[in-house]
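Notes for the one structure printed next.
The values are calculated or read from the model by the stated rules, or taken from the named source; none is laboratory data. In this text the structure is predicted, and so the values were computed from the model without any measurement. Here Cβ is always computed from backbone atoms with ideal geometry, including for glycine, and neighbour counts include all displayed protein chains. Remember, those area values only see protein heavy atoms, side chains included, never the ligands or the DNA or RNA. Shrake-Rupley method; radii C 1.70, N 1.55, O 1.52, S 1.80 Å.
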Amino acid sequence: MPKRGKNYREAIKEFNKAELHDLDQAMEIVIKTSKAKFDETVEVHTRLGVDGRHADQQVRGAIVLPHGTGKEKKVLVFAKGPKATEAEEAGAEFVGAEEMAQKITGENWFDFDVVIATPDMMGVVGRLGKILGPKGLMPNPKSGTVTMDVAKAIQEVKAGKVEYRLDKTNIIHTPIGKVSFGPEKLMDNFNALIGAIIKAKPAAAKGQYLKSVTVASTMGPGVKINPMKLG
């Protein structure tokens, strides 16, 4: 275990880490224990009662948070012709085709947060799978990032769209805003996210679906929320 800083050690004295809290309590604790000098991001870590190794138990999707994430996202769009023009007019920071793929592979360029592609460009983007995939940047129809409606996709990203997907340990890690949002906005975003995850429950999932839900700021300790009171 890495050695924790002074702020973290002070923060965990302010509440019982083992206790399951109601949502409003948890948000108050997260805000109170945020000690960094910058506006920390608040993340939700949701462990699900599924086995993501099976295709029929995968959980993945995207949702536009009511109050956004508090982070400006740079968008790269793979498109040609009229769709490239549409992407530029909708506010995408970077638009292109093969030359963008070359820039990524040749220059190790990653000055973007989200990748959107039109379906006809997936032959080009597909070759970047081994590079974009591990970084969580690969466009996917389920998250709305492979689409002909590039303007809508860009607008949603700019409005605070977040993707959620299982990692190898069956946990979903998702940002829901900044500490400066305050408890009400964070709770709104939290409820929107959890609602989407519950709605995405696979038919093959058996037993308790929400195994554990923890909320934490970037540098702060995790605060456990009672999963039985959600949904």
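Identify the residue in region 104-137 that is under 19 Å from the mean Cα position of the chain (by Cα) and under 15 Å from A79 (Cα atoms) and, among all such residues, is surrounded by the most Cβ atoms within 10 Å (Cβ to Cβ). If we take residues in region 104-137 being under 19 Å from the mean Cα position of the chain (by Cα) and under 15 Å from A79 (Cα atoms), then I116 is surrounded by the most Cβ atoms within 10 Å (Cβ to Cβ).
Take the conditions (1) surrounded by 13 or more Cβ atoms within 10 Å (Cβ to Cβ); (2) assigned to a helix (DSSP H, G or I); P82 misses just one of them, which is (1). All conditions but one from (1) of a type outside the set (S, T, Y); (2) out of contact with any strand residue (DSSP E or B) (no Cβ under 7 Å at 6 or more places or on another chain); (3) without any contact (Cβ under 8 Å) to a residue 24 or more places away in the chain apply to V95; the one that does not is (2). Restricting attention to region 36-65, the residues being open to solvent by 80 Å² or more (accessible area, probe 1.4 Å) and over 23 Å from P202 (Cα atoms) number 2.
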